[in-house]
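Report on the following structure.
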Amino acid sequence: MGLSGGTRLAASDGTLVLRALEGDQQAFGELYDRYAALVRAICKDSTGDFTRAQDLAQEVFLRAYAKLADLRDRERFGPWLVSIARFVGREFRRGAYRDRHVLVGLAPEETPSELPKEDERLGELAFAMARLSERERLALNAYYLQEQNAAQASKTVGVSRSTLYRLLAEAREKLERFIEEREEKK
Amino acid sequence: MNERLEQDLAQYYARFQQGHEQRRQQLLASLPAQPREVVQPVRARVIRFRLPGVAKVAAALAATVMIGVMLFSLFVQSDVTSVALAGALEQAGRVENVHFTLSTPGSDDNAKVEVWFRRPSDFRMEFGNGLVMTLNDGVRYIQDASEGAVTVRPDAVPGPELFVLHIGGLGRLFAVTDGSFAQQWMEKSSIVSSELVEYKGERCRKVVCLHEGQRFEYVIADDATEERRVPFYEVKQFSDADGGRLVSHMEVLSVNEPALPESTFVIAEK
């Protein structure tokens, strides 16, 4: 047996939050790695635009960092971040940011024309997803952007695992139906 | 499950990973050095004191402001201390190896054990009564000084290490591997005081806490911004909240010793 001892486990969210509070920005970077894609997806639900969603997601993380010391249960960083993302999304929809080109002092690096174009199938899927309820979309986002880990996704969404599975099943069923209806109309 | 839908969903969600690294670097570069400290609740408290004071007399206002300032410093100091203590706890849970003593001062030498612990579960314990125990890769060695014999057997039954490294013993600050241990420990702790002290020539912070009805005194490195060389220098556990009787005193002798010999965890058979 080597002197180095056992296998290192990934730090928990709570541990990373603590380290970030001590000024370890790389710890916050690890939290960003875990949740950025999910936050972007939630923001995309609000903006309908991929580039703006990316900027809005940066805004969400900046707000989270600024309020990090207020987070009481540090292991619940994920659900807390999701609530900030939803709040910022609602602000965006209310138009508070609609005309601001730069949200967080960071100019967008991409213009919409430079983004990869969604192919038709993905366009249909995005269209169908916009018709799901917010909870169903959140369940899908959390599940597919957290390595299809139901335990983690249910914690992030703040529902039981059985509720998550029900939401996922309902969402998939609706998506299939929406897409079929659209194809039949063509 | 509709495979086509699953493929489309996978493709759809892959887009949200695009540009991640660049965005990450931008975000980290734009962060302030540290998150804002918790000052909002203090402000609210000061305002509640201040408003009636303004309406009445200037003297009351001055007194209120002074109370506010005192509360503010106490609150911020307390928050900084709790972060420092939580950081020490969290670091203790990550050390590769540690060498410490546990004793109950005032009692005889038997109430002392010297411990070398190597993550995840190896240890050597030398008790004050001459009993030496080691656990190395699942094999337990026991030597009783009174008999001189060495017993070697596969680890099957947990021994005294339970009470040193796990249940109740201060060694659990280092040995427990549950990632949420530090957080749970902090949640059950309330900080009573925090002061700068000199400990063996080093500038340290002594933090006094109440934890599940008992007084704990920690000596930790004062610098909370860098990885500490040693998470704790000393921890004292008292029998009650008033600090009536010292029941356990841990002194940390070294941490993450790079050249800890393998023989530490083996007792040679004679």
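Each value in this text was obtained by applying a stated rule to the coordinates, not by laboratory testing. Note that the structure is predicted; figures quoted are calculated from it, not measured. Positions of Cβ are backbone-derived with ideal geometry, glycine not excepted, and every protein chain shown enters the neighbour counts.
Please compute, for peptide B:17-27, the average count of beta-carbon atoms on other protein chains lying within 10 Å of each residue's beta-carbon.
The shielding value for this peptide is 6.
Can you compute 3J(HN,Hα) from phi for each residue in region B:94-100, using the Karplus curve 6.51 cos²θ - 1.76 cosθ + 1.60 with θ = phi - 60°, rounded to whole Hz and x for Gly and Pro?
Rounded to whole hertz, the list is 10, 5, 6, 8, 8, 10, 8.
Show me, bin by bin at 5 Å from 0, the whole-percent P(r) of region A:117-186 based on Cα pairs.
Over region A:117-186, the share of Cα pairs per 5 Å bin runs 3, 18, 26, 21, 16, 10, 5, 1, 0 percent.
Quick one: order B:His99, B:His211 by neighbouring beta-carbon count within 10 Å, fewest to most.
The most exposed by this proxy come first: B:His211, B:His99.
Take the alpha carbon atoms of region A:30-47, find their center, do the same for region A:68-92, and report the distance between the two centers in whole angstrom.
Taking the Cα centre of each part, region A:30-47 and region A:68-92 sit 12 Å apart.
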